[in-house]
Structure formats: structure tokens, C-alpha cells
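Accompanying notes for the structure given below.
The values are calculated or read from the model by the stated rules, or taken from the named source; none is laboratory data. Just so you know, these numbers come straight off a predicted model, no measurement behind them. No Cβ is skipped: glycine too gets one built from the backbone with ideal geometry, and neighbour counts run over all protein chains shown.
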């Protein structure tokens, strides 16, 4: 009768309890040794015998796979999660197609994954089951405000990990993306984004004009918010505008890459109309500031002309308070949705074959292009808000004289508080 194989698992007294270790020295040719049996998401060896057995079985399978790869292919491709994540971020940066903010956010999200799976964990050893455990870990985690992460946020973390694994497939480290292999992935509940109707946006811009900023706040807050509301640009795009991006002669505002920031997608390189209201506000600001052609239109006062603005949430809360809005209600993205809603209500002149001119509603596809999308799909699905006041105009504008009667009471409150 053959002798019974001695168990690989042995126990050590560590941290006030017995913790599991295993001997993989017979796999030394593929990296095996004496190792702590650590469960995903933990920092020390497990104390549970059943969990120790499962970790042992997974590790043996991994080492056997490595040995088979070496025997069949004559080579073994292996990379630690931490090293491959760093390599992945460097390669993404080289493309020039991602922003610094995207890289920073993705680096944070991958750092969370590395902490959960382990820095030295082989990229190829992470399975769909491991990713499912990671989802549970994220759902139990808390964000910056001490609240559990939303499913939409968890999905962002998964997307970053999935993008890393797409590179691993491309580089031949694995054949199946374990994130894509999940049957069900968390997803946020669709909801209409916040936006302002034209009268309310008019009120907010008037509040910004009257607002007296605190120390270190931008002095051009009215010009900045009007640019956001009359171009539909993303915050990263507008704060990176240069003097030469605004053409009073051609009546255009152009969003293009520069030395301060790139653009989100290829379709983000675009020109939008310089509407009369925005031109009248920016002309004295630009001509009176003495800005050079290649300098930032809205530079940070922490590095005049050389540094982009940081977040302006405190100033937005100050403006929002004047306009009787709750803290956190007014944010830069709201102006992008507001512009889209207002732009969809405009009309354009179309010359017919008989020479006559007809006014037709604005095409959602064209609005999508102005927003930096490839077409009108997102406009119809997400951005296409309509307000209680259905107006038609040839231009986008938020003129106080057009809404003074409707806003009379709220304007009086702003004038008294400012």
C-alpha cells in the first residue's frame, strides 16, 4: 500500500492565532516555495482550514499550468499585476489619446485592484471568480464621503481592470479576459442628468456676474461660466482654451489639443459658434487682459498663464447660494447639459430649391458634433432635455431682459444678497 502523501499545509502561530502556510518547493522550477496562504483582500495568512485548502488547490493549479506552459511552449510568459499595471499606464500615455485626468483616475482604480489581489499576483492567475470577489469587495468599500460605492462607480473600477486585461490578451499573456467572462456586471441606474432651463441659467449667470469671489478664487467667474453655458464644452476642455481658440472674426470657439491638455476623443476636436452674447462678454475680457495668443484663456492665479484651473466647486457653491440653489447642486457639467437642451430648441435657416428660406429645428446629429460626440445618439439618449418653456430662436442665449419679468422675485433676492 503506497504511503499517504504528507499535506503541503503547515501552521504557524502568528498574530495571536494559528495561520496557514504551504510548501511548494517541488515546484521551485516555476517559482514555488514556502508561502503564506492569503485569501484575496487579506493581508496575512488565513486561520480557516477550509479556506486554506481552497487557496492551496488554486496555487497548485497555477503552478502546474506554469509547468505545462514551459514544457509545451519552451517558454513561460508571466507578469505581476503591479508591474503590468504600470506598463499598461505607460503604454496608454504614449498613445496621446488619454488625458492626464483619465490616467490619474485609472491609476487610482488599478491601485485598488493591486491592493486586493496582491502586487506580486500573476496576471494570468486571476479568474472570473476572483473578479467576482473583487466586485463584492468594492461594493463593501466606502468612498470619499464615507458612503458605499455606487454600482456605477464599481463598474468604472471594473472597466479599468478590463482595459488592462485587454492588453494582456493582446500581449499573449492570457487568452480570456476574466472581467469580460463575468455573467453579470454591476451597472448604475439610468437617470436624467441635472440641467438648467434657459430662465434658470440666466439667473445663475447673473448671480455669477454679481458674485464677489473669496481669496484665491478666479476673478473671471462670470466669463468662465458663460463660456461653459454657451459652448457646451467639457470642464477639461473649457479650462484648457487658449486665446487663439476664440476667433471674433470667424465667430467660432475651437476645441483642440494643446500643451496643457488633450481631448477625450478624436471627435472632440471641433468648432462651435461664438454666439453673440458670449462674444460681447469675452471681447472686453480678452482685449483688456493683454493675453498672448498662445496663453490660457482662463489661467489659474496660482501660476498665471502657465497652469490650468483646479476645481472651482467653492465658487460654484457661492454662486449657487445667490441663486437659491443647494450646496453641490451647481457644478460645471450642468452647463454642458444646459447648452444641449437650449441648442436643440434653436432653428436654422435652410434655403429651398425655389430660393425661399425655411426655418427648421436643429438636427440632433449636428448638436452631437458640437458637443464632441460622433453623432446624435447620446444627444437623443442622455442630453436631449426639454424644458417647460419651449422657445425657438436662431441663437443660444441667456438674456436677462428676456426673462426679467419671470425672474423678478429671484433677481431681487440676488440684488439684496450680492
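Test of understanding: among 255, 248, which residue is touching a residue at least 24 places away in the same chain (Cβ under 8 Å) and over 23 Å from residue 219 (Cβ atoms)? It would help to see each step written out before you state the result.
Details: 248 fails: over 23 Å from residue 219 (Cβ atoms).
Criteria check complete, one pass: 255.
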The residue that is nearest to residue 226 (Cα to Cα), considering only those in region 395-415 that are free of Cβ contacts under 8 Å to residues at least 24 places away in the same chain and part of a loop (DSSP other than H, G, I, E, B), is 404
Residue 101: passes all of (1) at pLDDT 85 or above; (2) over 29 Å from residue 175 (Cβ atoms) but (1)
Considering only residues of region 22-47 that are under 16 Å from residue 8 (Cβ atoms), assigned to a loop (DSSP other than H, G, I, E, B) and more than 39 Å from the chain's Cα centre (by Cα), which is modelled with the lowest pLDDT? 32
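Can you tell me which of 166, 155, 139 is modelled with pLDDT of 90 or more, touching a strand residue (DSSP E or B) at 6+ places or on another chain (Cβ under 9 Å) and assigned by TED's automatic domain parsing to the domain that holds residue 104? Write out each step before concluding.
Details: 166 fails: touching a strand residue (DSSP E or B) at 6+ places or on another chain (Cβ under 9 Å); 155 fails: touching a strand residue (DSSP E or B) at 6+ places or on another chain (Cβ under 9 Å).
Exactly one residue qualifies, and that residue is 139.
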Residues to consider are 250, 234, 212, 307; find the one that is in the same structural domain as residue 397 (by TED's automatic domain parsing) and under 22 Å from residue 400 (Cβ atoms). 212
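Scanning for something without any contact (Cβ under 8 Å) to a residue 24 or more places away in the chain, in a helix (DSSP H, G or I) and not assigned by TED's automatic domain parsing to the domain that holds residue 281, does region 176-195 turn up at least one residue? Explain how you work it out, then say what you get.
We begin by selecting, within region 176-195, every residue without any contact (Cβ under 8 Å) to a residue 24 or more places away in the chain; these are 176-177, 180, 183-184, 190-191.
Still in the list and also in a helix (DSSP H, G or I): none.
No, every residue in region 176-195 fails to be without any contact (Cβ under 8 Å) to a residue 24 or more places away in the chain, in a helix (DSSP H, G or I) and not assigned by TED's automatic domain parsing to the domain that holds residue 281.
Residues 217, 229: which one is assigned to a helix (DSSP H, G or I) and either buried (at least 16 other Cβ atoms within 10 Å of the Cβ) or at pLDDT below 95 (or both)? Full working, then the answer.
Working: 217 fails: assigned to a helix (DSSP H, G or I).
The match here is 229.
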Let me confirm something: among 329, 237, 223, which residue is at negative phi, in contact (Cβ under 8 Å) with a residue 12 or more places away in the chain and in contact with a strand residue (DSSP E or B) (Cβ under 6 Å, 6 or more places away or on another chain)? 237
One residue from 77, 111 being surrounded by fewer than 16 Cβ atoms within 10 Å (Cβ to Cβ) and either at pLDDT 90 or above or in contact with a strand residue (DSSP E or B) (Cβ under 8 Å, 6 or more places away or on another chain) (or both): 111
Quick check on region 274-287: of everything there that is closer than 21 Å to residue 235 by Cα and in contact (Cβ under 8 Å) with a residue 60 or more places away in the chain, which residue is nearest to the chain's Cα centre (by Cα)? 275
Name the helices (runs of 4 or more DSSP H) wholly inside region 76-161 in which the number of residues that are closer than 24 Å to residue 188 by Cβ is 2 or more. 100-117, 128-140
Residue hits (region 306-341; farther than 24 Å from residue 211 by Cα and crowded, with 16+ Cβ neighbours inside 10 Å) are 340, 341
If you go through region 288-326 one residue at a time, how many are touching a residue at least 40 places away in the same chain (Cβ under 8 Å), assigned to a loop (DSSP other than H, G, I, E, B) and touching a strand residue (DSSP E or B) at 6+ places or on another chain (Cβ under 7 Å)? 4
Among the residues of region 177-198, which ones are surrounded by 12 or more Cβ atoms within 10 Å (Cβ to Cβ) and at pLDDT 85 or above? 177, 178, 179, 180, 181, 182, 185, 186, 195, 196, 197, 198
Considering region 233-267 alone, what residues qualify as being surrounded by fewer than 19 Cβ atoms within 10 Å (Cβ to Cβ) and not in a loop (DSSP other than H, G, I, E, B)? 235, 243, 244, 247, 252, 254, 266, 267
